[in-house]
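> Below are the structure tokens for one structure; questions will follow.
Taken together, the values in this text are just the output of simple stated rules run on the coordinates, not laboratory data. Remember, predicted model here, so these are calculated numbers, not experimental data. Please note: Cβ atoms are built from the backbone with ideal geometry, for glycine as well, and neighbour counts cover all protein chains shown.
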Amino acid sequence: MQTIKKAMVAAKNWIQISIGFAIISIPINLLMGRPVLNGLWHDWVVADAGLRWQLLGLVLGVLLAAWVVLTLLFTLGYGLNDWLKQQDNKSSN
């Protein structure tokens, strides 16, 4: 259970860092004349209310799916690390 909690925190931190980099990239995109957040901001501004809710749901769904996938990957990594530590302790004794 501790491995899963550690993996959930690591996945949350990874997504927070990714969102932070996306926010930092906004001024760079504006200076270079590129669409902000790959056009996501433009789609939000020109959309009507119904489409905005769908867009918000899509973004939240993608973030949730990414968090679940990252949690699974980190759980596998931490679980493998713990298993290798146990094997190393068995072979050294």
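> So if I place +1 on the C-beta of Lys and Arg and -1 on the C-beta of Asp and Glu, and nothing else carries charge, what would the dipole magnitude of the chain be about its Cα centre? I want it in debye, nearest 20.
The calculated dipole for the chain is roughly 260 debye.
> May I ask for the Kirkwood hydrodynamic radius of region 19-90, worked out over all distinct Cα pairs and given in angstroms to one decimal?
After inverting the mean inverse Cα-Cα distance, the result is 15.4 Å.
> How large is ³J(HN,Hα) for each residue in region 64-77, as worked out from phi by the Karplus curve 6.51 cos²θ - 1.76 cosθ + 1.60 (θ = phi - 60°), to whole Hz, x for Gly and Pro?
Calculated HN-Hα couplings, in order: 5, 5, 5, 5, 5, 5, 5, 4, 4, 5, 5, 4, 4, x Hz.
> Which of the listed residues, Gln86, Ser18, Ile28, is farthest toward the dipole's positive end in the chain, when Lys, Arg count +1 and Asp, Glu count -1 at the beta-carbon?
Gln86
> Hey, with R₀ at 41 Å, roughly what FRET efficiency would Asn38 and Ser92 work out to, going by the Cβ-Cβ distance, to 0.05? Write out the running numbers ahead of the final one.
Numbers: r = 51 Å, r/R0 = 1.24.
According to the calculation, E is roughly 0.20.
> Using Cα pairs closer than 8 Å and at least 6 residues apart in sequence, work out the relative contact order for the chain, in percent.
47 percent
> Helix 2-32: angle to the longest alpha-carbon principal axis of the chain, degrees 0 to 90, nearest 10?
Rounded to the nearest ten degrees, it is 30.
> Taking a virtual spin label 7 Å from the Cα of Val45 along the C-beta vector, which residues in region 1-34 bring their backbone nitrogen under 17 Å of it?
Correct set: 23, 25-34.
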